[in-house]
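Here's the structure, in structure tokens; my notes come after.
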Amino acid sequence: MQTVIIVVHLMIVSAMIGLVLLQKSEGGGLGMGGGGGGGFMSSRGTANLLSRTTAVLAVGFFLTSLLLSWLASYDRKPSSILPSDPASQSQPAGPATPISPPTGGGILDSLKKSDERQQNQPAPTGPQAPRSQ
């Protein structure tokens, strides 16, 4: 269904582009140089026909545009950027519990201890693969 409407929409667009290019403008355009009045239609009748046809195609363009936008939003469901799981939402904070200072020392003490452990290890006799700690 949507493909058919897109094809009709593109046909309307191409026909409207062609009609707009054929219309005579103040500066000339593609319709310039017609001049003589002894043809199929007079210049006034041709301008009237082209402008009416352009108006009909413009109405068709707007209708197919609205229909395509409605079809695009038809299957779309509203979504939220917030998580929908109520268990994952945080609850208001209760009374604050005091944070006790670390008993094993701070980050500097733990780095010092790991540095001492590395220095106490015997030196390797040859190349070895790195080990993760």
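The values are calculated or read from the model by the stated rules, or taken from the named source; none is laboratory data. All values derive from a computational prediction rather than experimental measurement. Don't worry about glycine lacking a Cβ; one is built from the backbone with ideal geometry, like all the others, and counts go over all protein chains shown. Quick note on the areas: whole protein, heavy atoms, side chains included, nothing else; ligands and nucleic acids left out. Shrake-Rupley method; radii C 1.70, N 1.55, O 1.52, S 1.80 Å.
Miscellaneous remarks
- Taking first residues from segment 60-81 that are in contact (Cβ under 8 Å) with a residue 60 or more places away in the chain and partners that are in a helix (DSSP H, G or I) and not polar (S, T, N, Q), the Cβ contacts under 8 Å between residues at least 6 apart in sequence or on separate chains come to Leu67/Ile5; Leu68/Ile5; Leu68/Ile6; Leu68/His9; Leu71/Ile5.
Residues are listed down the side, and each one gets a yes or a no for (1) in a loop (DSSP other than H, G, I, E, B); (2) hydroxyl-bearing (Ser, Thr, Tyr); (3) at pLDDT below 95; (4) open to solvent by 90 Å² or more (accessible area, probe 1.4 Å):
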{"position": "Leu50", "(1), (2), (3), (4)": "no, no, yes, no"}
{"position": "Val59", "(1), (2), (3), (4)": "no, no, no, no"}
{"position": "Ser69", "(1), (2), (3), (4)": "no, yes, yes, no"}
{"position": "Pro83", "(1), (2), (3), (4)": "yes, no, yes, no"}
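One line per residue, one yes/no per condition, for (1) open to solvent by 100 Å² or more (accessible area, probe 1.4 Å); (2) under 48 Å from the mean Cα position of the chain (by Cα); (3) modelled with pLDDT of 80 or more:
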residue: Ala72; (1), (2), (3): no, yes, yes
residue: Ser80; (1), (2), (3): no, yes, no
residue: Pro92; (1), (2), (3): yes, yes, no
residue: Gly105; (1), (2), (3): no, no, no
residue: Ser114; (1), (2), (3): no, no, yes
residue: Pro122; (1), (2), (3): yes, no, no
